[in-house]
Amino acid sequence: MTERPGDDLSSPLVPSDPTARATTAPGPAASDPTAADETVPGTAAVDAAVPRGAMLRADGVTLAYGSTVVVHDVALAVGDGGVGLIGESGSGKTTLARALLGLLRPHSGTIRYGSRDLGSLDRKGRAEFRRAVQPVFQDGSEALDPRMTVEASISEALTTHHRMDRAARRARVTSLLEDVGLDPAVAVRKPHQMSGGQRQRVAIARALAVEPRLLVLDEPTSALDVTVQARILDLLERLAAEHGLGYLLITHNLGVVDRLCDTSHVLFAGRVVESGSTRDLLTRPAHPYTLALRDAVPRLGGKPPRPSGRTEAAPAASGCPFRLRCPLATDVCRDQPPAAREVEGRRVACHRAEEVLAGVPNRPVSR
Ligand SMILES: Nc1ncnc2c1ncn2[C@@H]1O[C@H](COP(=O)(O)OP(=O)(O)OP(=O)(O)O)[C@@H](O)[C@H]1O
Ligand code: SF4
Ligand SMILES: [Mg+2]
């Protein structure tokens, strides 16, 4: 990720693969002088253009770096409330997030903001999109310029999208800092003069400054210690409710989405292997990988999950990608990739989902 997500929007990282779909590049930089005077459409216009139901939607999205496909045929939608995206390191979470933020073009499939394809947004539409969909990354310092004070950082976000005089700007910075639970006195500090949790609060305040509709939260707490994590999650939950925000919460920890997301998607090797209500995924997983993630959820105050002591097998190149780790793998898993299908109210890509739900013991079988 770049240090300045707002600026990053100016230079979308396009896969070098020449076969990548030639959609229109996402918009000019927030800091682009040609965009600085752009009039931002008012909220009413946004409301008319973007149905609340599914503000941001990916359909059949495949993403590649060069010729390496890292996200395969993913569909998900974020509207009101929280949606979780869970997967281990390297599963493609950030790649998908970048595509949803307009920073990476799909190799195939579509990403729509409201009813409009991100690639076909005009200048005004792109400006509105950049305002409405705000990222929050793992480490608050990614969003903050180390040379700028907190006040300057938040003011910059404010003035990119709204014309404001100095007094109004200061008042708004104070109110945003209070909103994220910080003493407004931190306004004079630079990022290195704050704790990780404080920096993440400032990054959240900066994202909120432009009155977004939706947040893409990429592991927003994973760089923080456990008690600070819990406080930041509380904060996000409160702010989302108070500001009526939708959000995509990306994490490798299934426990994190439990309270904040009604719906979740589990990603393995760039494929969604199970989607459904977060409660169902936690209480009755239907995919062996979801089951493994559920069993690895660290509990506050409890014992950490036992390390496996071995490196996890890489995804299989044929058949089911999870089969080299799966205790239920059979010959059919080796021969046929499982298609996603509906099973007991969730969507799951596993030949043996019914047996997983029925609690078949996880014993090794022939591969
Ligand atoms: N700029 C890039 N160029 C080439 N490959 C990349 C690039 N960024 C990521 N990848 C690869 O794409 C795959 C998915 O990476 P991604 O960062 O999306 O995973 P992630 O799920 O966010 O992982 P983490 O939990 O570690 O953040 C990985 O194999 C990674 O090595
Ligand atoms: S399809 Fe087979 S290998 Fe893949 S997760 Fe299901 S049981 Fe395991
Ligand atoms: Mg990531």
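Each value in this text was obtained by applying a stated rule to the coordinates, not by laboratory testing. Note that the structure is predicted; figures quoted are calculated from it, not measured. Virtual Cβ from ideal backbone geometry, glycine too; neighbours counted across all protein chains shown.
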Net charge near Gly92 (other residues with Cβ under 13 Å of its Cβ; Lys, Arg +1; Asp, Glu -1) is 0
Can you tell me the Rg and the Dmax, both Å, for the Cα atoms in segment 210-263? 10.8, 30
If all Cα-Cα distances of segment 174-215 are sorted into 10 Å bins from 0 onward, what percent lands in each bin, rounded to whole numbers? 30, 56, 13, 0
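How large is the convex hull of the C-alpha atoms of segment 159-312 per residue, in Å³?
149
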Cβ-placed point charges (K, R +1; D, E -1), dipole of segment 48-145 about Cα centre in debye, nearest 20: 420
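Please compute the volume of the convex hull spanned by the alpha-carbon atoms of segment 63-159 and report it per residue in Å³. Before the final figure, lay out the partial values.
On the way: hull volume 14.5 nm³, N = 97.
Cα convex hull per residue, to the nearest whole number: 149 Å³.
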Given backbone amide H placed at 1.01 Å from N, residues whose amide H is under 5 Å from that of Val343, ignoring those fewer than 5 places away on the same chain, are Val348
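Quick one: length gained pulling Ala313 to Met148 fully straight, 0.36 nm per residue minus the C-alpha distance? Please report the intermediate quantities before stating the final value.
Numbers: separation 165, 0.36 × 165 = 59.40 nm, distance 4.38 nm.
Length gained between Ala313 and Met148: 55.0 nm.
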When the convex hull of its Cα atoms is projected in every direction, mean area for segment 127-231 (nm²): 6.2
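Ser222 to Ser89: extension gain in nm, 0.36 nm per residue of separation minus the Cα-Cα distance? Don't skip to the end; give the middle numbers.
Values: separation 133, 0.36 × 133 = 47.88 nm, distance 1.19 nm.
My answer for the length gained is 46.7 nm.
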